[in-house]
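Novice: I am attaching a structure below and will ask some questions about it afterwards.
The values are calculated or read from the model by the stated rules, or taken from the named source; none is laboratory data. Please read these numbers as outputs of a predicted model, since none were measured by experiment. Cβ placement follows ideal geometry from the backbone for every residue including glycine, while neighbour counts extend to all protein chains displayed. Note: accessible area is taken over every heavy atom of the protein model, side chains too, but ligands, DNA and RNA are not part of it. Shrake-Rupley method; radii C 1.70, N 1.55, O 1.52, S 1.80 Å.
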Amino acid sequence: MPTVQDLFAKLSHNGPARAFSKLDLSGAFNQLILDDGSAKLLVLNTERSLMASRRLSFWIKTPPILFQSCKDKVSTGLSNVFCCIDDTRIVTRSLEEHTHVLSEVFDRLECEFYKGEVEYAGHQLNADVVKPLQSKVESIQKARRPENVSELKSFSGVGQLLWKVFHNLASRLQSSRMPY
C-alpha cells in the first residue's frame, strides 16, 4: 500500500510541480463488482434472510488491497499519478502536461464528459428524457411469470423500473391476481 512518503518521494523526483488535481472515488470498494463465486462466499446472515452482495464490501479484510490493485492499473506508466485507495493525486509541471495526464486518467476510468446523452443505472439520460434502456425493458418483458411467492419476491426487485416503464402497474397487477 503506498504511503504519503512514497508520494513525496515521487514529487521530489519529478521536479517542481505547478498543477495539482485530486480525484476522490467515494465508496471505493463498492465500485468493484464481484463474480458469482465470490458473491457466494460473502453471504451475510441477517435476522430476516441471507443476503448476497454483488459488490465488494468494506467489512472484509481484502478490499483495500483489491481496490488498490485496480487503481494501480489506472496509474501504470503515469509517473505523475499517485493512487492510494480511493484517492488519486495528479501532479504535473505544466498545465499542458496536466491536461494530457487528466485526459489519460479519465480514459482509463472510462469517464465521459460533455455528452448530449449518457447511460446511467440502466437508464438513458438526455435533456429531454430519462427512460429505461430498451434492453432492460425487453429483459423484463421476456422474464418468466413468477409461479410462487419466492419467485415473486425475486422478481419484485425490478419493481422500481417497472413502475416507470408501465403506466398503471398497480392496477394491472391487481387485475391479474396470482393464485397464491
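Novice: Can you tell me which of 74, 91 is over 30 Å from residue 154 (Cα atoms), at pLDDT 85 or above and touching a Ser or Thr at 6+ places or on another chain (Cβ under 9 Å)? Let's see the steps before the verdict.
Specialist: On the way: 74 fails: at pLDDT 85 or above.
It is 91.
Novice: Confirm whether residue 136 is touching a residue at least 24 places away in the same chain (Cβ under 8 Å) and not acidic (Asp, Glu). First the steps, then the outcome.
Specialist: On the way: touching a residue at least 24 places away in the same chain (Cβ under 8 Å): yes; not acidic (Asp, Glu): yes.
Criteria met by residue 136.
Novice: Residue 10 fails exactly one of the following numbered conditions: (1) closer than 30 Å to residue 150 by Cβ; (2) at pLDDT below 75; (3) open to solvent by 80 Å² or more (accessible area, probe 1.4 Å); (4) in contact with a strand residue (DSSP E or B) (Cβ under 7 Å, 6 or more places away or on another chain). What is the number of that condition?
Specialist: Every listed condition holds for residue 10 apart from (1).
Novice: If you don't mind, there's one more thing I want to ask. Please go through region 95-138 and give me each residue that is among the hydroxyl-bearing types (Ser, Thr, Tyr) and either in contact with a Leu (Cβ under 7 Å, 6 or more places away or on another chain) or modelled with pLDDT of 90 or more (or both), ordered by number.
Specialist: Going residue by residue through region 95-138, those that are among the hydroxyl-bearing types (Ser, Thr, Tyr) are 99, 103, 114, 120, 135.
Result: 99, 103.
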